[in-house]
1. Among the residues of the stretch 27-48, how many are surrounded by fewer than 14 Cβ atoms within 10 Å (Cβ to Cβ) and assigned to a helix (DSSP H, G or I)?
2. Pull up the stretch 7-26, narrow it to residues that are surrounded by 12 or more Cβ atoms within 10 Å (Cβ to Cβ) and among the small types (Gly, Ala, Ser), then point me to the one that is modelled with the lowest pLDDT.
3. Quick one: which residue in 68, 54, 80 is exposed (fewer than 14 other Cβ atoms within 10 Å of the Cβ), out of contact with any Leu (no Cβ under 8 Å at 6 or more places or on another chain) and assigned to a helix (DSSP H, G or I)?
4. Please go through the stretch 33-83 and pick out each residue that is touching a residue at least 40 places away in the same chain (Cβ under 8 Å) and of a type in the set (A, V, I, L, M, F, W, C).
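The values are calculated or read from the model by the stated rules, or taken from the named source; none is laboratory data. Quick caveat: nothing in here was measured; it's all calculated off a predicted structure. Cβ placement follows ideal geometry from the backbone for every residue including glycine, while neighbour counts extend to all protein chains displayed.
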Amino acid sequence: MADGCGEEASGQKTPNCGYYEANFLVEIWADEEIQRQLSAMGRKNNIWENIAAKLNNNGYKPTATYCKTKIHNLEQKYKKAKI
């Protein structure tokens, strides 16, 4: 798995798995082309599926819904912290 995210001998995920996955998700989401597509298109499920596929290609297993929800939650936390 990418960036040290994986399973230990006990079968549990390593503690930083969520951090690396979220960081990579934000990196993909922040891409100019992705942002342009999200701004331009009415239905965005295909875009979220493409984002999930990119994560899948790097060893993570999120769904499109997970990616969308995670980005939304991160945006909300950022706005709250910014105040």
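1. 9
2. Looking at the filtered set, the residue picked out is 18.
3. Just a single option satisfies the conditions, and that option is 80.
4. If the condition is that a residue be touching a residue at least 40 places away in the same chain (Cβ under 8 Å) and of a type in the set (A, V, I, L, M, F, W, C), then 67, 71, 74 are the ones that fit.
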